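Inspection log for the structure reproduced underneath, given as C-alpha cells.
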C-alpha cells in the first residue's frame, strides 16, 4: 500500500471522528455518537463499504487525541513478502514434545487406574 493510500485511510478515519474532535456532535454523549456512526455504512477511499464497530471508532478517537493524524494511519506489516512457514526442525521438535506429553499422560493415568 502506498503512502498516499495510507494517508487517505487516515483522513477517512478522521472524517468519522471529526465531530468529536471539534465538539460539534449532536448526540447526548460520545458513546451514543459511536453507536450512531457504527450503525451506518461508510464508503472507504477505494469505494468499498465499511461499517466500523463503535469500539473501533472510540479507539480511533483516542489514538487521534494521543498521536494526532499519525495515530490514524494503518500499520504496515513488517513481515510483508516473507514466508511464514515453520521450518522442519521446529515441526519435528513440536511432534517429539507432543509424543512425550501423550506418553507421560498415558502412563500417569494407567498408574491411577
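Bear in mind these aren't lab numbers, they're just calculated from the coordinates by the rules spelled out. Remember, predicted model here, so these are calculated numbers, not experimental data. Quick reminder, even Gly has a Cβ in these numbers, built from the backbone with ideal geometry, and neighbours come from all protein chains shown.
Each of 23, 5 was scored by other Cβ atoms within 10 Å of its Cβ. Listed from fewest to most, they are 23, 5.
Please report the relative contact order for the chain, taking Cα pairs under 8 Å with a sequence separation of at least 6, and give it as a percent rounded to a whole number. Numbers along the way, then the final one.
Numbers: 69 pairs, mean separation 30.0, N = 113.
With pairs under 8 Å counted, the relative contact order is 27 percent.
Given R0 = 25 Å, the distance between the Cβ atoms of residue 12 and residue 79 translates into a calculated FRET efficiency of 0.50.
The long axis of helix 88-112 is offset from the longest Cα principal axis of the chain by roughly 60 degrees.
Cβ-to-Cβ counts within 10 Å put 21, 80 in ascending order as 80, 21, the fewest first. Projecting label points 7 angstrom from Cα along Cα→Cβ for residue 48 and residue 32 puts them 3.3 nm apart. Approximating the spin labels as points 7 Å out from Cα along Cα→Cβ, the residue 97-to-residue 2 distance works out to 4.5 nm.
Mean-square fluctuations from a GNM of the chain, with a 10 angstrom spring cutoff on Cα atoms, peak among 53, 18, 90 at 90. Report summary: the helix-based calculation at 222 nm, which adds -39500 (n - 2.57) for every DSSP H run with n ≥ 4 and divides by the residues of the chain, gives -20000 deg cm²/dmol.
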